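Have a look at the structure below before the remarks.
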Amino acid sequence: KGAPDTFIVGDMPFGSYNESPQQAIANVNRLVKATLCDCVKLEGGAEIAETVRSVVVSGTPVMGHIGLTPQTAVSLGGFKMQGGTPEGAKKLLDDALALEAAGAFAIVVECVPSVVGKFLTERVKVPILGIGAGPHVDCQVLVIQDMLGMYGDFKPKFVKQFAQLRQEMVRAL
């Protein structure tokens, strides 16, 4: 509501869309009504394509998110690079193509080798938004909490930190 001239992406919380497309539509509608966001972002690939399609058909634009998916990072082995093998890169391509076919208008690709970011950008028609996916994607995303050092010792390799605000925030609190 405070940014009427800005395109706002509502990040669907963990557990709010994984049970069924009907659950997803209900929770997406609730989020959009409460926040007036312009679209929603769902983490996952081919396994959520049916849900993405249902949400898009119901009237809400969907942005996909593959690669390192923070909400389910534990099942991926933690916060680490994804798609580093030929099989992993192929899975990411399959996921991206499934999301595109389901109606996603863009896809966030997080923490993948630069060559994989380029590979996806060349083969998928929708824009690829990279978070640590190299320079060959359509758009670069930088998470402000990473850039400002708000997570303490956690620092993604692809981020230049301009401050260490966590220490100052803890001290102030």
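Data for the structure
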quantity: Unique residue being at pLDDT below 90 and among the charged types (D, E, K, R) when the list is 157, 90; calculated: 157
quantity: Per-region count, the stretch 14-36, residues open to solvent by 40 Å² or more (accessible area, probe 1.4 Å), without any contact (Cβ under 8 Å) to a residue 40 or more places away in the chain, touching a helix residue (DSSP H, G or I) at 6+ places or on another chain (Cβ under 9 Å) and under 25 Å from residue 73 (Cβ atoms); calculated: 1
quantity: Candidate set from the stretch 67-81 (those that are in a helix (DSSP H, G or I) and either in contact with a strand residue (DSSP E or B) (Cβ under 8 Å, 6 or more places away or on another chain) or touching a residue at least 40 places away in the same chain (Cβ under 8 Å) (or both)); member that is nearest to residue 121 (Cα to Cα); calculated: 70
quantity: Among the residues listed as 86, 61, 70, the single one being open to solvent by 20 Å² or more (accessible area, probe 1.4 Å), at negative phi and within 11 Å of the chain's Cα centre (by Cα); calculated: 70
quantity: Test result for residue 45, touching a helix residue (DSSP H, G or I) at 6+ places or on another chain (Cβ under 9 Å) and touching a residue at least 60 places away in the same chain (Cβ under 8 Å); calculated: no
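Every residue, every condition in (1) outside any loop (DSSP other than H, G, I, E, B); (2) under 15 Å from the mean Cα position of the chain (by Cα), yes or no:
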position	(1), (2)
55	yes, no
65	yes, yes
112	no, yes
149	no, no
157	no, no
161	no, no
171	yes, no
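The values are calculated or read from the model by the stated rules, or taken from the named source; none is laboratory data. Here the structure is a predicted model, which is why all the values come from computation and not from measurement. Positions of Cβ are generated from backbone atoms using ideal geometry, with glycine treated the same way; all protein chains shown enter the neighbour counts. For accessibility, only protein heavy atoms count, side chains too; no ligands or nucleic acids. Shrake-Rupley method; radii C 1.70, N 1.55, O 1.52, S 1.80 Å.
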